[in-house]
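Trainee: Quick one: the structure is below, questions incoming.
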């Protein structure tokens, strides 16, 4: 009797550790999905059957221990995929660049680049398209990180926009984003003749992104044609472009927001402290809390600056990025809050609150 | 939202640690238009509580505007992303969706069912471990079902779930379900799936999607989500032979030379002996370098950098393999190709072929047949159009390392790129090399007759035509050569015209000179056979002894004597060149048949009677003989 009880106990432990259901394990051991539960309820079997099943179980237990030491978790797999993509670009493209936007996704991307080419430094520069309206802390953080990693940092500002005094408060978010971000990016890519640019976009961010390829082709005018994308099979990427054309490459395509946070936590990746809550001066504009980051911020007669415990879920131009009130002062707190929250990430971004397909349209026009 | 795990609120650290050990599964959903794929995915996300409130609010508004489900929420709107699709109400491209449960993280490729979008389905299937095939219970197994099943099997997906959907419309009638299951299993026998699981379902109402349905008490199997959480797809056992395609050579300074790549199969440990394919160079593993520290062992899927104990030349495109189990290498293959471009595939045209780590110019040397994916039959074809699948032979300008696709997806796949447009125009799966290297020691392999003839895809042979002047030897020989050329064989013809004026211009027609003539021809023919050619000699060669001498110069079965038997009176009557007349008039001395003897062969391999048979028929008979006796048995053309 104790042989059977012992056997059932071991099988149950095995099921739990291997993540298989008891009936699956039962099928494998006894060639019968209900066999284990019958034994458990006092059923009997021949000694020969039991011996065979016990031998099989021992073998499966050994395999499980060997496997689990080498098992790749979902984060390991995502990491390996991203590294593969980055190496492919380094090996195949003449003049790649990594677009660095200073946010959490960029931080993960930069960390992955360090891993991909270690012990070499990533064989491409970083580039930041500065709209001149980024959070002050982002700029400090950017300079510090680039120096620490030892990569060249290219900072591009659209001087036409500066000359015309373009800004979100004077020209509105649409014009500002188009001139300082979209046009600025095109200028920078053209000026340096980059043939591949890494971006930190994820497919889970937004619906049209879900269909974009990892290696996303752009015409000479930087346009994306959703209906004419290159098929992308296995992990074989077509990196060929004609002169003037380029690729946007998204090594984080298959990551989700939760993956990003988990990875930052696991790998202890440095991110701007704007993601963590602290008392910051904010003004409420159209129901959105905006940080008073510098004195260019116009304060209306009915608006008042308040000190509030706030953090940011995404980072961009400070006048276009809404803060959320929060008590999350550590990374786990932030993740906890994110997991318990019920609104999706991009709601904090003013740019998305247009019609359904706006992002798709913007991308066709050359927005990253 | 997701993960209603109490741990999130209670102990976030413990939760994060637990989440780190989730496994990973990629699957694809496919089915005909309106089978409800998007609805099913929307249902999975919805039931797993993975939809944010603001997304849901938007879907509710959109459902009223463009939904197709009346008052119910149209969950398909969650996944139909592109604006054009919303208007047409169909999905037109592959969309990737992400969700996770406490056990697994999932990536779903949502692929279109519309007939012209086969290529997108193949795209989704190429990275999927499991395929979920939807069947509308009202219509059963359709042409589309067959096509999709074929494509996922072609792309190497081993686990299939047949989701028999819309069972709510027949009140979960078990007999309807059984009929469909039997029909599917019957035709799927031809498709090499490791496992087929059928589930009765209503994606619209959620029956058997994430939880067991009460509407189908007769069904005892798992719900879809239950299946997906538990299916064991790690067929990639640790015993598979080690392969690492070198992607990038890591050279930060003169003291470090590493080879970076993602392990395509098997495991590697420090100290393992390795061989590099195609160069055949050997060494052993010194270190397995990663940013997080050196490892002792690495396994399939890991992106690592290897250093070796010897300084050997390795570059991108090479595959590092376990020494005692190397990959194959070749520059000619048989492969399945799925064409993905509006402009057709043309055999003979130069394209670029890209494997996981190497790009080489290549052309389709032969399109053997197209596969009709409705009944899997073979159809003759000259080109492949968009979404068509064919079996082809490929010729590459340089050899590549590879494994057959059914053994290793990573090292057996390739894409085809158009040289002018840079578009990805097709994809392929290698079946086998046409020119097989029987062992792996290529650097030791001599170039010899066997290798040369294998390269020419034939068995070299000397076809010796003998017979009287004007018997029709040259006419038949020329026809044979033409037919062989049409079959893609490599030939050369030696005859009086090209031998007498050069090599043998010092010889006359005395008996001695005739013997020397045949000896020289025999020697030249032997060299040509050694070069791998099907060599044709067309000479009167009247003496048995000389023909026997020529035969003796060649190996067994490399000499085929063809006696063109035309009676003297017939040959003399034909007298194409007027030679008989001259000989009769005494203007030509030693003319065979007139004043010189012709010794007819006693046991020729082939005898042609030109009185009874036309030259063309004779040539056909000779080619048939060659085919029958294996001289043309390289790959089929």
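Any read-out appearing in this document is the output of simple, stated calculations on the displayed coordinates, not a laboratory observation. These numbers come from a predicted model, not from an experiment. Virtual Cβ from ideal backbone geometry, glycine too; neighbours counted across all protein chains shown.
Trainee: Once R0 is set to 25 Å, what does the formula 1/(1 + (r/R0)^6) return for the Cβ-Cβ distance between residue B:257 and residue A:148, expressed as a FRET efficiency to the nearest 0.05?
Mentor: E between residue B:257 and residue A:148, to the nearest 0.05, is 0.45.
Trainee: Can you compute the radius of gyration and Dmax for the range B:242-322, using only the Cα atoms, both in Å?
Mentor: 11.1, 31
Trainee: So if we plug the beta-carbon distance of residue A:192 and residue A:219 into 1/(1 + (r/R0)^6) with R0 = 22 Å, what FRET efficiency do we get, rounded to 0.05?
Mentor: 0.80
Trainee: With a point put 7 Å past each Cα toward its Cβ, work out how far residue B:487 is from residue B:344 in nm, to one decimal.
Mentor: Calculated label separation equals 2.7 nm.
Trainee: How do B:327-340, A:218-231, A:23-36 rank on mean C-beta neighbours within 10 Å, highest first?
Mentor: B:327-340, A:23-36, A:218-231
Trainee: Let me ask another. Provide the descending list of Cα extents for the range B:482-637 along its principal axes, expressed in whole angstroms.
Mentor: 53, 35, 27
Trainee: Round to a whole angstrom and tell me the spacing of the C-alpha centers of the range B:209-270 and the range B:295-354.
Mentor: Here the two parts' Cα centres lie 19 Å apart.
Trainee: Taking 22 Å as R0, compute the FRET efficiency from the Cβ-Cβ separation of residue A:64 and residue A:266 and round it to 0.05.
Mentor: That pair, residue A:64 with residue A:266, gives E of 0.40.
Trainee: Computed from the mean reciprocal separation of all distinct C-alpha pairs, what Kirkwood hydrodynamic radius does the range B:111-236 have, in Å?
Mentor: When all Cα pairs of the range B:111-236 are included, the Kirkwood radius is 14.8 Å.
Trainee: How crowded by other chains is B:282-294, given as the mean number of beta carbons from other chains within 10 Å of each beta carbon?
Mentor: If you average over the peptide's residues, the count of other-chain Cβ atoms is 1.
Trainee: Right, something else. For the residues B:461, B:451, what sequence is obtained by ranking on other C-beta atoms within 10 Å, fewest first?
Mentor: Exposure proxy ranking, most exposed first: B:451, B:461.
Trainee: Additional query: Could you tell me the center-to-center distance, by alpha carbons, between the range B:514-578 and the range A:276-323 in angstrom?
Mentor: Measuring centre to centre over Cα atoms gives 99 Å.
Trainee: Give me the percent of DSSP beta bridges within chain B that run antiparallel, rounded to the nearest 5.
Mentor: Here the share of antiparallel DSSP bridges comes out near 60 percent.
Trainee: Shielding by partners for B:257-268, please: the mean number of other protein chain Cβ atoms within 10 Å of each residue's Cβ.
Mentor: Shielding by partners across B:257-268 averages 2.
Trainee: Right, another one. Taking a temperature of 10 °C and a viscosity of 1.306 mPa s, what whole-number D in µm²/s does Stokes-Einstein yield for chain B with Rh from Kirkwood over alpha carbon pairs?
Mentor: 53 µm²/s
Trainee: Counting just the Cα atoms, what span does the range A:1-42 cover along each of its three principal axes? Round to the nearest Å and put the largest first.
Mentor: Extents along the principal axes, in whole Å: 27, 19, 13.
Trainee: I would also like to ask the following. Neighbour counts of other C-beta atoms within 10 Å: give me A:175, B:161, B:608 arranged from fewest to most.
Mentor: So the ranking, lowest neighbour count to highest, is A:175, B:161, B:608.
Trainee: Which value, in Å³ per residue, describes the convex hull spanned by the Cα atoms of the range A:208-351?
Mentor: Spelled out: Cα convex hull of the range A:208-351, divided by residues, is 175 Å³.
Trainee: Right, another one. Just subtract the alpha-carbon distance of residue B:294 and residue B:376 from 0.36 nm times their residue separation and send over the number in nm, one decimal.
Mentor: Length difference between fully extended and current span is 24.6 nm.
Trainee: Once the Cα atoms of helix B:511-530 and of chain B are each reduced to a long axis, what angle between those two axes, in degrees from 0 to 90 to the nearest 10, is obtained?
Mentor: 10 degrees
Trainee: Something else now. Give me the percent of DSSP beta bridges within the protein assembly as shown that run antiparallel, rounded to the nearest 5.
Mentor: Of all bridge pairs located within the protein assembly as shown, approximately 60 percent are antiparallel.
Trainee: Also: Give me the one-decimal nm value for the distance between modelled label points at residue A:284 and residue B:239, 7 Å along each residue's Cα-to-Cβ direction.
Mentor: 6.8 nm
Trainee: Using only the Cα atoms of the range B:328-436, build the gyration tensor, take square roots of its eigenvalues as a ≥ b ≥ c, and label the shape rounded, prolate or oblate: rounded if a/c is under 1.5, else prolate if a/b is larger than b/c, else oblate.
Mentor: oblate
Trainee: Taking the 0 to 90 degree range and rounding to the nearest ten, how far is the long axis of helix B:615-628 tilted relative to the main principal axis of chain B, both from C-alpha atoms?
Mentor: Here the helix axis deviates by roughly 60 degrees.
Trainee: Over the range A:1-82, what is the mean sequence separation of C-alpha contacts under 8 Å (at least six apart), divided by residue count, expressed as relative contact order in percent?
Mentor: 22 percent
Trainee: Quick one: Cα centre-to-centre distance for the range B:579-637 and the range A:40-107, in angstrom?
Mentor: Centre-to-centre (Cα) distance: 69 Å.
Trainee: Given only helices, namely DSSP H runs of n ≥ 4 each adding -39500 (n - 2.57), what is the per-residue ellipticity at 222 nm of chain B, to the nearest 500 deg cm²/dmol?
Mentor: Theoretical 222 nm ellipticity from helices: -8000 deg cm²/dmol.
Trainee: What order, most packed first, do the peptides A:101-112, B:399-410, A:179-190, B:306-317 have when packing is the mean number of other Cβ atoms within 10 Å of each residue?
Mentor: Packing order, densest peptide first, comes out as A:101-112, B:399-410, A:179-190, B:306-317.
Trainee: Treat the count of other C-beta atoms within 10 Å as a stand-in for reagent exposure and order A:166, B:427 from fewest to most.
Mentor: Listing A:166, B:427 from fewest to most nearby Cβ atoms yields A:166, B:427.
Trainee: So what is the relative contact order for chain B, in percent, with contacts set as C-alpha pairs under 8 Å and at least six apart?
Mentor: After rounding, I find 8 percent.
Trainee: If you don't mind, another one. Sort B:278-285, A:232-239 by the packing proxy (mean of other Cβ within 10 Å over each peptide's residues), most packed first.
Mentor: A:232-239, B:278-285
Trainee: Oh, and also: Once every DSSP H run of n ≥ 4 in chain A is given -39500 (n - 2.57) and the sum is divided by its residues, what mean residue ellipticity at 222 nm do you get, rounded to the nearest 500 deg cm²/dmol?
Mentor: -13000 deg cm²/dmol
Trainee: In percent, what relative contact order does chain A have, based on Cα pairs under 8 Å that are 6 or more apart in sequence?
Mentor: 15 percent
Trainee: Which whole-number percent of Cα pairs in the range B:165-267 have a distance greater than 23 Å?
Mentor: More than 23 Å apart: 53 percent of the Cα pairs in the range B:165-267.
Trainee: Please work out whether the range A:145-239 counts as rounded, prolate or oblate from its C-alpha gyration tensor, where a ≥ b ≥ c are the square roots of the eigenvalues and a/c under 1.5 means rounded, while otherwise a/b larger than b/c means prolate and anything else oblate?
Mentor: Cα axes put the range A:145-239 in the prolate bin.
Trainee: Still on this model: Rounded to the nearest 10 degrees, what's the angle between the helix A:74-92 long axis and the longest principal axis of chain A, both from Cα atoms, 0 to 90?
Mentor: Compared with the principal axis, the helix lies near 50 degrees.
Trainee: Now, a different point. Mind pulling up the Rg/Rh value for the protein assembly as shown? Radius of gyration and Kirkwood radius, both on Cα.
Mentor: 1.08
Trainee: Given the convex hull over the Cα atoms of chain A, what projected area results after averaging over all orientations, in nm²?
Mentor: 23.9 nm²
Trainee: I've got another one for you. Which whole number gives the average count of other chain Cβ atoms within 10 Å of the Cβ atoms across peptide A:224-231?
Mentor: 5
Trainee: For the range B:240-381, what value does the Rg/Rh ratio take when both radii are computed over Cα atoms and Rh is the Kirkwood radius, given to two decimals?
Mentor: Ratio value, two decimals: 1.10.
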